[in-house]
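Colleague: Quick one: structure below, then a few questions.
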């Protein structure tokens, strides 16, 4: 196992302590609790290199979450830094309202070459939330122009995560995301999560798949296809705990959408650009051709904020030949088609195509198999995943598959132990999510799993000592 090392490229500076105090006094962190909002400092990260980051104490850690599912080609890629500099020196910004830039046009062409079906045009945004928001606003515009102003409801699912803007967040299906937040609930119809681990104990996978499909079909019939504008779904529910749907489920849902003129929006903000070994997973992995695909994160490997939505040529053709040629899609962002972001994305795509996608496909089975060995630990109820994304779900009782109701910080406990051992984990209540940079090697996977095993074992000891869990 790789040992932690002291910082060599940069010593911890006095300003690091200042940054912690400044954050407590002036910085509002994302997703804060009311009791600490505006008075909180989080783990300070000093550097990144490859699959590693270095914290303020000088400890070197495997970046288990790859930032936030996004650092697909790893930290400190000089070629991406050079592209940012070169593009900024050539053209740092242009208004997208009445001008355009060459990198955005070239990137749109490259993306169309990887997209399934007739998805051929891209609207660029600043990230995943704005990408989903754009797809939904386009659906509304599309139906207004076609004379169907009532066809606006959106189907989403339990466990889903689609963003933090008002409309995109309204689709989210994790209770804690909405407990204290408002949303456009009148526009959203929620369906069950396609999580096989949480299906009734006596129900087979086949029966569970049929249940999900029947529920979808029955909902369309009950609500009315003339009222439903879109279904939005992640191919793999990422922040919901890396929920991999049953085989064939997405294809059957896609067919119901097609039969009822419901736009299928595949949210590939996480799964796109290599996480499952392909630029897009919808067609290559799941065999579906959506009406729109949203993306972000891995498109620039986190080096610049960029996202987008790819739109079917069929939909655009229908708009161009409608009876309302003067109808205005009144939607755009100051940083739509940002030249630096698009230039970085082009170079990032070069790197992915040259070797990283093939490497991700090659090491993914090893990654999944090694993590699966953690099911030997009695605290672990299931290890699941696909490609280079996985979730370790901890349970109080394997027989009933109950989560740890008496301690909702099990994921944080494991993360704290793993941090000491040299690994950053993404904790989600009773789960730990792993989605490392796609350049990770087999030896580094071994290091990661060894640390996870020890971190979970130490957590089990803590829970036993506290009487929270008997194991």
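Colleague: Above 41 Å lies some portion of the pair distances; for the chain, what is it as a whole percent of all C-alpha pairs? All intermediate terms of the calculation are to be shown ahead of the outcome.
Modeller: Working: 19690 of 110685 pairs.
When every Cα pair of the chain is considered, 18 percent fall beyond 41 Å.
Colleague: Turning to a different aspect of this structure: Specify the inter-centroid distance of the stretch 62-80 and the stretch 167-215, based on alpha-carbon positions, in whole Å.
Modeller: 31
Colleague: Could you tell me the convex hull volume per residue, in Å³, taken over the Cα atoms of the stretch 161-216? List each step's numbers first, then the result.
Modeller: Values: hull volume 5.2 nm³, N = 56.
Considering the Cα atoms of the stretch 161-216, their hull volume per residue is 93 Å³.
Colleague: If I take R0 = 41 Å and measure r between the Cβ atoms of residue 204 and residue 317 in this structure, what FRET efficiency does the formula 1/(1 + (r/R0)^6) give, to the nearest 0.05?
Modeller: Values: r = 43 Å, r/R0 = 1.04.
Efficiency computed from Cβ-Cβ geometry: 0.45.
Colleague: Gain in length, residue 260 to residue 166, computed as 0.36 nm per residue apart minus the alpha-carbon separation, to one decimal in nm?
Modeller: Numbers: separation 94, 0.36 × 94 = 33.84 nm, distance 2.68 nm.
Length gained, residue 260 through residue 166: 31.2 nm.
Colleague: Right, next: Label residue 412 and residue 376 with points 7 Å out from Cα along Cα→Cβ: what is the distance between them in nm?
Modeller: Each label point is offset 7 Å from its Cα along the Cβ direction, giving 3.1 nm.
Colleague: While we're on this one: Using the basic label-point model (7 angstrom from Cα toward the beta carbon), what is the residue 197 to residue 400 distance in nanometres?
Modeller: 1.8
Colleague: Estimate the FRET efficiency between residue 21 and residue 180 by the formula 1/(1 + (r/R0)^6), using the beta-carbon distance for r and 30 Å for R0, to the nearest 0.05.
Modeller: Details: r = 28 Å, r/R0 = 0.94.
After rounding, the FRET efficiency stands at 0.60.
Colleague: Could you give the distance between the Cα centres of the stretch 134-149 and the stretch 403-471, to the whole Å?
Modeller: Cα centroid of the stretch 134-149 versus Cα centroid of the stretch 403-471: 45 Å apart.
Colleague: To continue, here is another question. Got a sec? How would 366, 33, 303 order by Cβ neighbour count within 10 Å, fewest to most? Mind showing how you got there, number by number?
Modeller: On the way: 366 14, 33 9, 303 22.
Starting with the residue having the fewest Cβ neighbours, the order is 33, 366, 303.
Colleague: Set the Förster distance to 51 Å, then compute FRET efficiency between residue 112 and residue 29 from the Cβ-Cβ distance, nearest 0.05.
Modeller: Numbers: r = 37 Å, r/R0 = 0.73.
Efficiency at R0 = 51 Å is approximately 0.85.
Colleague: Taking the Cα centre of each part, how many Å lie between the stretch 259-278 and the stretch 311-381?
Modeller: Each part reduced to its Cα centre gives a spacing of 8 Å.
Bear in mind that the values in this text are calculations on the coordinates, not laboratory data. Given the structure is predicted, the values throughout are model-derived calculations rather than measurements. Cβ: placed from backbone, ideal geometry, glycine included. Neighbour counts: every protein chain shown.
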